[in-house]
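Below is one structure, written out as structure tokens, with a few remarks after it.
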Amino acid sequence: MSEPGYLFTEEEADILQEVMNIAFGKASAELAEVIDITVILSVPEIRLFRGEKLHCYLIDQMRFAERLSLVEQGFIGRFRGSALLGFPQGAEECILRLMGEEELGEDVAEGPSSLGCEALLEVGNILIGACIGKLSELLKDYVTYTPPRLLVEDYHALVDGGLLARADDVGITMKTMFSFEEAESVTGYLFLLTDESSLSWLKQALNDYLDSFG
Amino acid sequence: MIEQQILDTINVGIIVLDADFIVRQWNRWMAQYSGIEPEAIRGQSLFDHYPHLDNVKFRRNCKAVLRFGNFCFFSQKLHGHLFSFRPSSTLRGEMEFMQQNCTVGPLYSDDREIRHLFISVEDVTEAVLYQNRLVEMNRRDALTGLFNRRYLNQRLVEEFERARRYRRPLSLIMTDIDHFKRINDTYGHQFGDQVIRAVAATLTAGLRKVDGAARYGGEEFCCYLPETDGDGAVGVAERLRQRVAQLGLVHESVAVPVTMSFGVAVAQAAMGDHESLLKAADDALYQAKHNGRNQVCRFSPNPQTVDG
């Protein structure tokens, strides 16, 4: 865990990591049942940032594909923030195939068609919902969501639009790599971003979680 | 009691379903627009009344909501509507179905299990109508109703790309009213506007549905013709030329002859972008003017008059 490590004790950091592992493990298992697609989620990587460093980190992280489709969705519970799901562009074709929908029409080369957009939004929404849902379930919170938005190669707008943390904010990122067993070429990243406002609740929830094991 | 009042007075459709899609709540808004009273649907499967919702996608999303407690959104932009309702009375002439943003979300029982889900239905017809109107206005020239130059450019980029990708022909016709300044100066601007409108209507009437016509400048117009080769486009231009010449416009009982010159160009593999195609059609138009007006010229490195 990087810089403002003092925000979490070592024990709290360990529990958070453990809770994330369990939550994402459950999410992965249950996604296979619900959407019939096996989603492989890597062990989440938790980082803490102060202000602009989060900015730089995210922009740097988004460079994994030349062209990206980003699904962004806000979640509001006592644990609140935004989820960002980055797909390599062109992933929508694979996803449509996985969901057993018809082939895309002729507009693929000009960016996602409306059918492709729909597929990205639907899968993004469910993937984000599964991960956050399982996390908040473990921490005994419940969450509402804003409609997902699709941003094609427009992640600078996200940053500039102030969605991702002001300079004085503390940012917590939870990064997971995901891929689909049936389509190995589609690999992307899920980031959960939250800030200081969720921190005290998160610390409390983590301690309660630990206490529940006596 | 208060909760029931909120449910019935809110200007949003609210449905509560259990995990087997049996309707548990159906608020007054839903009753009003669906024509189904709550007593008539409570305890029955939603799919008995709305069989089109019994599909893989809807079931998959509801299953996710019941399992993960996430929300799923059926936006107007992607779906138009989930329930086929008639729009409220004032909007009926303009839109066949009410446009809706719909949300499906979880309802937790006291033991924190999700046993029900809700569907909310928001009527966004009016906003969609205004949006459509604004989009349309932003594309059109006010005087003629033809596409404006900005939208033409956007379309040309797309059409040029499509033609190149699928190796299909694409033709462009640039056309200009002959001696328009003289008409304007002699008969006044109002009559000038009338000429422009008449010419625009003639162009529109002479094109297919897949073609498009734009007002390119004051008295200059541009038509794009997908799937049309040079000979075809020259034929169209020639027909348009004849129809304009036969318009028979009259100003204060004086017949005012109106003619146009036409330049035709076809997209070539060697052209870098749509700008080159525009330039080629413009060059051919210049040639038609140079050769004496009221004629069609086809672009070639050494342009020839097709018809005099």
Scan the stretch B:24-46 for residues that are touching a Phe, Trp or Tyr at 6+ places or on another chain (Cβ under 6 Å) and not in a strand (DSSP E or B) and report the count.
4
Within the stretch B:157-175, of all residues that are more than 14 Å from every other protein chain (Cβ to nearest Cβ) and touching a helix residue (DSSP H, G or I) at 6+ places or on another chain (Cβ under 6 Å), the one farthest from B:Ala284 (Cα to Cα) is B:Leu170
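Considering the stretch B:203-213 alone, what residues qualify as being free of Cβ contacts under 8 Å to residues at least 60 places away in the same chain and either surrounded by fewer than 19 Cβ atoms within 10 Å (Cβ to Cβ) or more than 15 Å from B:Leu247 (Cα to Cα) (or both)?
Residues of the stretch B:203-213 free of Cβ contacts under 8 Å to residues at least 60 places away in the same chain: B:203-211.
Listed by number, the residues that qualify are B:Thr204, B:Ala205, B:Gly206, B:Leu207, B:Arg208, B:Lys209, B:Val210, B:Asp211.
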Subset of the stretch B:248-275 (residues that are closer than 24 Å to B:Glu238 by Cβ and among the small types (Gly, Ala, Ser)):
B:Gly248, B:Ala255, B:Ser261, B:Gly263, B:Ala265, B:Ala267
Of the residues in the stretch B:106-128 that are at pLDDT below 95 and small (Gly, Ala, Ser), the one that is nearest to the chain's Cα centre (by Cα) is B:Ala127
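Can you pull out every residue in the stretch B:1-23 that is closer than 17 Å to B:Thr103 by Cα and part of a strand (DSSP E or B)?
Narrowing the stretch B:1-23 to residues closer than 17 Å to B:Thr103 by Cα: B:7, B:10-19, B:21, B:23.
Across the stretch B:1-23, the qualifying residues are B:Gly13, B:Ile14, B:Ile15, B:Val16, B:Leu17, B:Asp18, B:Val23.
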Scanning the stretch B:48-77 residue by residue, those assigned to a helix (DSSP H, G or I) and among the small types (Gly, Ala, Ser) turn out to be B:Ala64
Determine if the stretch B:226-246 includes at least one residue that is among the aliphatic types (A, V, I, L, M), touching a residue at least 60 places away in the same chain (Cβ under 8 Å), touching a helix residue (DSSP H, G or I) at 6+ places or on another chain (Cβ under 9 Å) and within 10 Å of B:Leu172 (Cβ to Cβ).
no
Within the stretch B:264-273, is there a residue that is surrounded by 23 or more Cβ atoms within 10 Å (Cβ to Cβ), modelled with pLDDT of 95 or more, under 25 Å from the mean Cα position of the chain (by Cα) and assigned by TED's automatic domain parsing to the domain that holds B:Leu146?
no
Condition first: touching a Pro at 6+ places or on another chain (Cβ under 8 Å), closer than 30 Å to B:Tyr33 by Cβ and part of a helix (DSSP H, G or I). Can you find one or more residues in the stretch B:126-140 that meet it?
no
Could you please find all residues in the stretch A:20-64 being part of a loop (DSSP other than H, G, I, E, B) and buried (at least 17 other Cβ atoms within 10 Å of the Cβ)?
A:Ile37, A:Pro44
Has the stretch B:4-13 got any residue that is exposed (fewer than 11 other Cβ atoms within 10 Å of the Cβ) and touching a residue at least 12 places away in the same chain (Cβ under 8 Å)?
yes
Yes or no: the stretch B:87-98 includes at least one residue that is within 14 Å of chain A (Cβ to nearest Cβ), at pLDDT 90 or above and under 34 Å from the mean Cα position of the chain (by Cα).
no
Scan the stretch B:180-194 and give yes if some residue there is free of Cβ contacts under 8 Å to residues at least 40 places away in the same chain, surrounded by 15 or more Cβ atoms within 10 Å (Cβ to Cβ) and among the polar types (S, T, N, Q), otherwise no.
yes
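Being modelled with pLDDT of 85 or more and part of a loop (DSSP other than H, G, I, E, B) is the filter here, so list the residues in the stretch A:80-108 that pass it.
A:Arg80 - this is the single residue of the stretch A:80-108 that is modelled with pLDDT of 85 or more and part of a loop (DSSP other than H, G, I, E, B).
When the residues of the stretch B:52-83 are filtered to those that are surrounded by 13 or more Cβ atoms within 10 Å (Cβ to Cβ) and away from chain A (no Cβ under 14 Å), which remaining residue is nearest to the chain's Cα centre (by Cα)? Talk me through it step by step, then tell me what you get.
First pass over the stretch B:52-83, keeping only residues surrounded by 13 or more Cβ atoms within 10 Å (Cβ to Cβ): B:53-54, B:57-83.
This time we only want the ones that are away from chain A (no Cβ under 14 Å), so: B:53-54, B:81, B:83.
Working: B:Leu53: 28, B:Asp54: 31, B:His81: 18, B:Phe83: 23 Å.
Among those residues, the one meeting the criterion is B:His81.
Looking at the structure I just gave you, is B:Phe299 modelled with pLDDT under 95, assigned by TED's automatic domain parsing to the domain that holds B:His189 and of a type in the set (Phe, Trp, Tyr)?
The answer is yes for B:Phe299.
The values are calculated or read from the model by the stated rules, or taken from the named source; none is laboratory data. Keep in mind that what you see is a predicted model, and the values were worked out from it rather than measured. Neighbour counts are summed over all protein chains in view; Cβ atoms, including those assigned to glycine, are modelled from backbone coordinates with ideal geometry.
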